[in-house]
Amino acid sequence: MCLAIPGRVVEVLDDANQLALIDVAGVRRIVNVGLLEDDGEASDALVGEWVLIHVGFALSRIDADEARATLELLREMGSDYDEQLNELRASAIE
């Protein structure tokens, strides 16, 4: 099962390649944020924002309440959530 998991943008690492460091439940990974609409805002404006992540891409921004609710629902799924976190730990964008 593949899920989109909420994560928080920690740092924009590479503007040109649209890469950011994202924290998902204590697991930090580099994720492509190029799919997020920026409307001309500085990429640093993403820092602290919550996003939904799937297969190494941030798909959309979400608010903190939605992130918390989604994380809680995912935790209730048990092994599927654990599997997603393990896959995230093993992944990397180089």
### Hits in the range 34-51 - residues which are touching a Lys or Arg at 6+ places or on another chain (Cβ under 8 Å) and either charged (D, E, K, R) or surrounded by 12 or more Cβ atoms within 10 Å (Cβ to Cβ) (or both)
36, 49, 50, 51
### Message
Given the options 47, 9, name the one that is in contact with a Phe, Trp or Tyr (Cβ under 9 Å, 6 or more places away or on another chain) and closer than 23 Å to residue 65 by Cα.
### Response
9
### Task
State all residues of the range 1-39 that are of a type outside the set (D, E, K, R), more than 16 Å from residue 85 (Cα to Cα) and outside any loop (DSSP other than H, G, I, E, B); if no residue qualifies, say none.
9, 10, 12, 13, 19, 20, 32
### Query
Would the range 54-67 turn up any residue that is in contact with a Leu (Cβ under 9 Å, 6 or more places away or on another chain), crowded, with 18+ Cβ neighbours inside 10 Å and either at pLDDT below 90 or among the acidic types (Asp, Glu) (or both)?
no
### Query
If you check every pair at least six apart or on different chains, which have Cβ atoms under 9 Å apart with a residue in the range 65-78 that is without any contact (Cβ under 8 Å) to a residue 12 or more places away in the chain and within 19 Å of residue 23 (Cβ to Cβ) first and a residue that is surrounded by 13 or more Cβ atoms within 10 Å (Cβ to Cβ) and of a type in the set (Gly, Ala, Ser) second?
75/25
### Message
residue 82 - would you say it is out of contact with any strand residue (DSSP E or B) (no Cβ under 8 Å at 6 or more places or on another chain) and not in a strand (DSSP E or B)?
### Response
yes
### Task
Just need a number here: residues in the range 60-79 that are under 14 Å from the mean Cα position of the chain (by Cα) and not in a helix (DSSP H, G or I).
4
## Note on the structure
Of 10, 27, 31, the only residue that is buried (at least 18 other Cβ atoms within 10 Å of the Cβ) and of a type outside the set (Gly, Ala, Ser) is 31
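The values are calculated or read from the model by the stated rules, or taken from the named source; none is laboratory data. The shown structure was predicted, so the numbers you read here are calculated from the model rather than taken from an experiment. For neighbour counting, all protein chains shown are included, and Cβ atoms are generated from backbone atoms with ideal geometry for every residue, glycine included.
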